Protein chains: 2
Amino acid sequence: MAVTTVVALGGNGLVRAGERGTAAEQLANIREACEALEPVLAERELVITHGNGPQVGNELLRHERAAAEVPPLPLYVAVAQTQAEIGALIEAELRPATGRPVACLLTHVRVAEDDPAFENPTKPVGPFYSEEQARKLEGDRGWAIAADSGRGWRRLVPSPLPLQIVELDSIRTLVASGTIVIACGGGGIPVVARQGRLNGTDAVIDKDHASALLAAELGAERLIILTGVDAVARHFGTAEEERISELSTEEADALATELPAGSMQPKIQACLAYVRATGGEALITSPEALAKALKGRAGTRVTNGNGPR
Amino acid sequence: MAVTTVVALGGNGLVRAGERGTAAEQLANIREACEALEPVLAERELVITHGNGPQVGNELLRHERAAAEVPPLPLYVAVAQTQAEIGALIEAELRPATGRPVACLLTHVRVAEDDPAFENPTKPVGPFYSEEQARKLEGDRGWAIAADSGRGWRRLVPSPLPLQIVELDSIRTLVASGTIVIACGGGGIPVVARQGRLNGTDAVIDKDHASALLAAELGAERLIILTGVDAVARHFGTAEEERISELSTEEADALATELPAGSMQPKIQACLAYVRATGGEALITSPEALAKALKGRAGTRVTNGNGPR
């Protein structure tokens, strides 16, 4: 039976610590990621999503540094640009690795205009500025700004919850035809509905939440979130570190409140949302441990606690 | 009966003379273009392609101005970025205008590694440089460079002929499902086949030739190339100017050699290639004249001379 799988690649896995994000570096990293994906590449129905943190940071910096000569584009367009940048590189590796058709679909994700995140932008994006520069941008462009851990000032943008994958029908059509689809890059291009239109809005959507929504709307049997660690752990990085191999939705709920914000918390919440919506199985692991994790010997599995389906 | 139509929008129509290419300017221009497209928006099978000249120029400038801080990406990735930039803006207008699903597919186009264009780069792209800067880039990055009409020095890149639309199957699948597909932006991301892989290559593909190839491979009944003038003319801009409403393939062939290189010549050649491959009808006109042209009262039609099918 065809199992629809959604796999989310971390943006940080595509531009590693110490790298600058050249196309060659990204291609080499994507090649490794594709090798790690080998156990799922034969799935008839496969969607790959990805983050874009380092790439959108680089792109926003390009927009700013050329601003005196060519107009900076809005953040939502920069997100679109990174979908194409990363999608083109992933396609280049996935096509020869699988011999299957691969397509990257520009993906918009609808968020609520009254999402409380818009009242409270929390996500730093783009280059660092001096306080003076930042204050000027605050005035000129209406940006929210904040000092960032002593390294300067940055723009803050909202991170609203995803409500709808705009191109869902097209993704479904392509997946059903046996095409590996790359979608929802960087969490999707954020849009809000206004007078019958979907307008781009300057925000970033958590890519794990967008992937979970996509997996739920597709009715996928499996959501795999790949990250820098093999499994979720309690007391991470301490002597009491304890890897967790299995979580029921109740346990995941409790753990999400216990873990520090950021890092693992949104991944667990995204898995929870998906498992609750579908009864499917969510898996958090690293690319390196994926093969073992699929055999139940690594990773953290979130299920509805009713055992394997 | 369903008529498959491929419509090519000019990149210069999306960023007009005197404009800088802000998202707001592009959205306003795309809105006008979409209004002009009204007569074909009800076609069940519709593909929209577009140029990217001003946009890719802006993007390459962004890459260069930030080069000291973040790595410039290769030209083929910049082409991909403009597919997403323009695709996102077209989607925003087309969806409310049609109420139909619209999808932008990242499109790679294969060219021959031994295309003679690679021996003779002719297409200027990106920012202007001083001779000294240009010579340095020639040495550092292996660029071909040339003085450009007294305004400085520019990079020259090859413009090879398109051979294959890599994502053709996905485009066909989406079109058949009733989705309006945006594809082949900027002539497509150029790739060459090498050891079983398709590698991005730094070139630009003429968007009209890529659109003609796509129309032929889709078996489209109609190719429409929208540009800045209502029809092709002999002796354009002189007292003897004579608009041409109909061209057989033989007449088009003769005219293409008679016209100056650039401008209309590649559009007529693209129409010819499409008409010869399919027996379909190609139309060159402006967005403003499209409605009249579809009724045979404007524009230049290229057919195989056997009358309407």
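The values are calculated or read from the model by the stated rules, or taken from the named source; none is laboratory data. As the structure is a prediction and not an experimental result, all values here were calculated from the model. All Cβ positions, even for glycine, are placed from backbone atoms using ideal geometry, and neighbour counts span all protein chains on display. Accessible surface areas use protein heavy atoms only, side chains included; no ligands, DNA or RNA. Shrake-Rupley method; radii C 1.70, N 1.55, O 1.52, S 1.80 Å.
Every residue, every condition in (1) assigned by TED's automatic domain parsing to the domain that holds A:Leu214; (2) in contact with an Asp or Glu (Cβ under 9 Å, 6 or more places away or on another chain); (3) in a helix (DSSP H, G or I), yes or no:
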position: A:Arg16; (1), (2), (3): yes, yes, no
position: A:Gly21; (1), (2), (3): yes, no, no
position: A:Pro54; (1), (2), (3): yes, yes, yes
position: A:Asn58; (1), (2), (3): yes, yes, yes
The condition from (1) farther than 23 Å from B:Val229 by Cβ; (2) part of a helix (DSSP H, G or I); (3) hydrophobic (A, V, I, L, M, F, W, C) that B:Leu73 misses is numbered (2)
Does B:Val70 satisfy the condition of being within 26 Å of A:Val56 (Cβ to Cβ), open to solvent by less than 30 Å² (accessible area, probe 1.4 Å), touching a Leu at 6+ places or on another chain (Cβ under 6 Å) and within 14 Å of chain A (Cβ to nearest Cβ)?
-> yes
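A quick yes/no check of all residues on (1) under 18 Å from the mean Cα position of the chain (by Cα); (2) at pLDDT below 95; (3) among the hydroxyl-bearing types (Ser, Thr, Tyr); (4) open to solvent by 80 Å² or more (accessible area, probe 1.4 Å):
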position	(1), (2), (3), (4)
A:Pro266	yes, yes, no, no
A:Tyr274	yes, no, yes, no
A:Ala282	yes, no, no, no
A:Arg297	no, no, no, yes
A:Thr303	no, no, yes, no
A:Arg309	no, yes, no, yes
Condition test on A:Ala273, is it under 20 Å from A:Thr4 (Cβ atoms) and in contact (Cβ under 8 Å) with a residue 40 or more places away in the chain?
-> yes
If you take the residues in region B:19-62 that are away from chain A (no Cβ under 11 Å), within 22 Å of A:Pro72 (Cβ to Cβ) and out of contact with any helix residue (DSSP H, G or I) (no Cβ under 6 Å at 6 or more places or on another chain), which one is surrounded by the fewest Cβ atoms within 10 Å (Cβ to Cβ)?
-> B:Ala28
What number of residues within region B:225-250 satisfy the criterion of being under 21 Å from B:Leu294 (Cα atoms) and not in a loop (DSSP other than H, G, I, E, B)?
-> 9
Given the conditions (1) closer than 30 Å to B:Thr179 by Cβ; (2) free of Cβ contacts under 8 Å to residues at least 40 places away in the same chain, and given that A:Gln164 satisfies all but one, which numbered condition is not satisfied?
-> (2)
Flag for A:Arg65 being over 18 Å from the mean Cα position of the chain (by Cα), open to solvent by 30 Å² or more (accessible area, probe 1.4 Å) and facing chain B (nearest Cβ under 7 Å) | yes
Touching a Leu at 6+ places or on another chain (Cβ under 9 Å) and farther than 30 Å from A:Leu174 by Cα: does that describe B:Val175?
-> no
For A:Ala84: the one exception among (1) open to solvent by 10 Å² or more (accessible area, probe 1.4 Å); (2) at negative phi = (1)
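Taking A:Thr49 as the residue in question, decide whether it is of a type in the set (Ser, Thr, Tyr) and either outside the structural domain of A:Ile165 (by TED's automatic domain parsing) or at pLDDT below 95 (or both).
no
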Taking region B:92-104 as the search range and keeping residues that are under 14 Å from A:Gly200 (Cβ atoms) and within 7 Å of chain A (Cβ to nearest Cβ), which one is surrounded by the most Cβ atoms within 10 Å (Cβ to Cβ)?
-> B:Cys104
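Which residues, taken from region B:276-293, are assigned to a loop (DSSP other than H, G, I, E, B) and without any contact (Cβ under 8 Å) to a residue 60 or more places away in the chain?
Narrowing region B:276-293 to residues assigned to a loop (DSSP other than H, G, I, E, B): B:279-280, B:286-289.
Those that are assigned to a loop (DSSP other than H, G, I, E, B) and without any contact (Cβ under 8 Å) to a residue 60 or more places away in the chain: B:Gly279, B:Ala289.
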Identity of the residue in region B:251-264, under 19 Å from B:Ser211 (Cα atoms) and in a helix (DSSP H, G or I), that ends up most open to solvent (accessible area, probe 1.4 Å) | B:Asp253
Report, ordered by the first and then the second residue, all pairs with beta carbons closer than 7 Å, sequence separation of six or more or different chains, a first member in region B:237-249 that is at negative phi, and a second member that is loosely packed, with under 13 Cβ neighbours inside 10 Å.
-> B:Glu241/B:His235; B:Glu242/B:His235
Within region B:191-208, is there a residue that is closer than 25 Å to B:Leu73 by Cβ, within 14 Å of chain A (Cβ to nearest Cβ) and crowded, with 22+ Cβ neighbours inside 10 Å?
-> yes
Go through (1) part of a strand (DSSP E or B); (2) away from chain A (no Cβ under 14 Å); (3) in contact (Cβ under 8 Å) with a residue 24 or more places away in the chain one by one and return the number of the condition B:Val109 breaks.
-> (2)
